[in-house]
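Report on the following structure.
The values are calculated or read from the model by the stated rules, or taken from the named source; none is laboratory data. Just so it is clear, the model here is predicted, and its values are computed rather than measured. FYI the Cβ positions are ideal-geometry reconstructions off the backbone, even for glycines, and counts take in every protein chain you see.
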Ligand code: UDP
Ligand code: MG
């Protein structure tokens, strides 16, 4: 339960967030972000000066550049800095899962290493959360991403709203502040893609969205290609709904009726072989599309990926109580960076 209120928790004169009720972990997943990680650390660390209790938790998602070395250097000079480094690139959702599992404050806010979500907006999210919410999503009103990506994202969210009945405004982003205990519940559902917008209602979370600013990436390149984005979108549609299966069924019925009608028209001589060839192509494509949908549903059943752990930690400066999360039998490096 939220106990503080923004007026009590914030001193309006120095804008300081005091005590455990406002304690926040800035969770920053990083994958090959050497071009922006220093600026990100500087800006996030400066913003967190307003908090008497906080931590900055970097999750290095198997970077192959100098990202991890840079993070270790931050940790050497700032005891608020914690890090978890994965054995390989496990993906953004895995990075979030690890972060929520090991964050030690009441609230966790997800930030990007490229500073697309401005750290100053943490206050906007926290003020709302202190009104009694478990999750506050940031809505990107002026989203600074390529237009194709923006359109794709809105299309994806529209499908999700229709398929899953999610009552969340379009343009909600991964810039969100979450009550850490609730985030853990979501992670514990052990879904491979614990989509917050879909899982939050399932665990009974109280959530809301507020407008936040959005910026262009400060440096480096975005890590998502089209294939990865589509696969991620399918995880939501198929992982949380069986309506696509009903659509496949409906398509089969429509195709059977259409085929019968076309054959009758051909027999009557009302249409020629060209029309039948076109119809065959259309129906054939629909059949393969249906097969594609079915095969997506079979992935978890085949357990090709689902028996793998969501992540392995190779190196960290926080005590890890779950030995299962560690890579191999060796203990990871634990302690304060020197
Ligand atoms: N990221 C990650 N693992 C990945 C891909 C991305 O940890 O496999 C991190 C990345 O370093 C960044 C955040 O997720 O901090 C958002 O990634 P990006 O900026 O590439 O995505 P976009 O903003 O285009 O959605
Ligand atoms: Mg980005």
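Looking at (1) modelled with pLDDT of 95 or more; (2) assigned to a helix (DSSP H, G or I); (3) surrounded by 23 or more Cβ atoms within 10 Å (Cβ to Cβ), which one does residue 73 not meet, given that it meets all the others?
All conditions pass for residue 73, except number (3).
Which pairs do you get when a residue that is farther than 22 Å from residue 97 by Cα, found in segment 111-139, comes within reach of a residue that is away from ligand 2 (no atom under 16 Å from the Cβ) and part of a helix (DSSP H, G or I), reach meaning Cβ atoms under 7 angstrom, with the pair 6+ apart or on two chains?
120/47; 127/6; 130/6; 130/9
Go through segment 235-261 and report how many residues are assigned to a helix (DSSP H, G or I), touching a helix residue (DSSP H, G or I) at 6+ places or on another chain (Cβ under 6 Å) and more than 16 Å from ligand 1 (Cβ to nearest atom). Can you show your working first?
Filtering segment 235-261 down to residues assigned to a helix (DSSP H, G or I) leaves 235-239, 243-261.
If we keep only those that are touching a helix residue (DSSP H, G or I) at 6+ places or on another chain (Cβ under 6 Å) as well, we get 236-238, 243-244, 248, 251, 255.
Restricting the remaining residues to those that are more than 16 Å from ligand 1 (Cβ to nearest atom) gives 237-238, 243-244, 248, 251, 255.
Of the residues in segment 235-261, 7 are assigned to a helix (DSSP H, G or I), touching a helix residue (DSSP H, G or I) at 6+ places or on another chain (Cβ under 6 Å) and more than 16 Å from ligand 1 (Cβ to nearest atom).
For residues that are in contact with a strand residue (DSSP E or B) (Cβ under 8 Å, 6 or more places away or on another chain) and more than 15 Å from residue 116 (Cα to Cα), scanning just segment 132-160, find the one that is modelled with the lowest pLDDT.
157
Identify the residue in segment 45-70 that is touching a helix residue (DSSP H, G or I) at 6+ places or on another chain (Cβ under 7 Å) and assigned to a loop (DSSP other than H, G, I, E, B) and, among all such residues, is nearest to ligand 1 (Cβ to nearest atom). Before you say what the answer is, go through the steps one by one.
Residues of segment 45-70 touching a helix residue (DSSP H, G or I) at 6+ places or on another chain (Cβ under 7 Å): 47, 51, 53-54, 56-61, 67, 70.
Those left that are additionally assigned to a loop (DSSP other than H, G, I, E, B): 53, 61.
Values: 53: 24, 61: 4 Å.
Going through the qualifying residues, I end up with 61.
So that you can scan it fast, the table gives a plain yes or no per residue for (1) within 13 Å of ligand 1 (Cβ to nearest atom); (2) more than 17 Å from the chain's Cα centre (by Cα); (3) within 15 Å of residue 237 (Cα to Cα):
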residue: 152; (1), (2), (3): yes, no, yes
residue: 169; (1), (2), (3): no, no, no
residue: 178; (1), (2), (3): no, no, no
residue: 195; (1), (2), (3): no, no, yes
residue: 215; (1), (2), (3): yes, yes, no
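Can you say whether residue 87 is within 14 Å of ligand 1 (Cβ to nearest atom) and at pLDDT below 95, as far as the supplied structure shows? Lay out the reasoning, then the answer.
Values: within 14 Å of ligand 1 (Cβ to nearest atom): yes; at pLDDT below 95: yes.
In short, yes.
Considering each residue of segment 104-144, count those that are over 22 Å from residue 41 (Cα atoms), in contact with a helix residue (DSSP H, G or I) (Cβ under 8 Å, 6 or more places away or on another chain) and surrounded by fewer than 21 Cβ atoms within 10 Å (Cβ to Cβ), and give that number.
Going through segment 104-144 one residue at a time, the tally reaches 3.
How many residues are within 16 Å of ligand 1 (Cβ to nearest atom), in contact with a helix residue (DSSP H, G or I) (Cβ under 9 Å, 6 or more places away or on another chain) and either assigned to a helix (DSSP H, G or I) or under 16 Å from residue 163 (Cβ atoms) (or both) if we restrict to segment 221-234?
From segment 221-234, those within 16 Å of ligand 1 (Cβ to nearest atom) are 221-233; that's our starting set.
Among the residues that remain, those that are also in contact with a helix residue (DSSP H, G or I) (Cβ under 9 Å, 6 or more places away or on another chain) are: 222-224, 226, 229-230, 232-233.
Going one step further and asking which of them are either assigned to a helix (DSSP H, G or I) or under 16 Å from residue 163 (Cβ atoms) (or both), we end up with 226, 229-230, 232-233.
Number of matching residues: 5.
Which count do you get for residues in segment 110-135 that are under 14 Å from the mean Cα position of the chain (by Cα) and away from ligand 1 (no atom under 13 Å from the Cβ)?
1
So which residues in segment 238-264 are more than 28 Å from residue 198 (Cα to Cα) and either within 38 Å of the chain's Cα centre (by Cα) or surrounded by fewer than 15 Cβ atoms within 10 Å (Cβ to Cβ) (or both)?
Our first condition is that a residue be more than 28 Å from residue 198 (Cα to Cα); within segment 238-264, this holds for 252-264.
The answer is 252, 253, 254, 255, 256, 257, 258, 259, 260, 261, 263, 264.
What is the number of the single condition among (1) more than 16 Å from ligand 2 (Cβ to nearest atom); (2) touching a strand residue (DSSP E or B) at 6+ places or on another chain (Cβ under 8 Å); (3) closer than 23 Å to residue 326 by Cβ that residue 69 does not meet?
Among (1) more than 16 Å from ligand 2 (Cβ to nearest atom); (2) touching a strand residue (DSSP E or B) at 6+ places or on another chain (Cβ under 8 Å); (3) closer than 23 Å to residue 326 by Cβ, the lone unmet condition for residue 69 is (2).
Taking only segment 12-36 into account, find how many residues are in contact with a strand residue (DSSP E or B) (Cβ under 6 Å, 6 or more places away or on another chain) and either without any contact (Cβ under 8 Å) to a residue 24 or more places away in the chain or within 16 Å of ligand 1 (Cβ to nearest atom) (or both).
6
Of the numbered conditions (1) more than 15 Å from ligand 1 (Cβ to nearest atom); (2) outside any loop (DSSP other than H, G, I, E, B), residue 205 fails exactly one; give the number of that condition.
Unmet condition: (2).
Given the residues 300, 309, which is the only one that is outside any loop (DSSP other than H, G, I, E, B) and either at pLDDT 80 or above or under 22 Å from residue 238 (Cα atoms) (or both)? Give the steps one after another, and end with the answer.
Numbers: 309 fails: outside any loop (DSSP other than H, G, I, E, B).
Of 300, 309, the one residue that is outside any loop (DSSP other than H, G, I, E, B) and either at pLDDT 80 or above or under 22 Å from residue 238 (Cα atoms) (or both) is 300.
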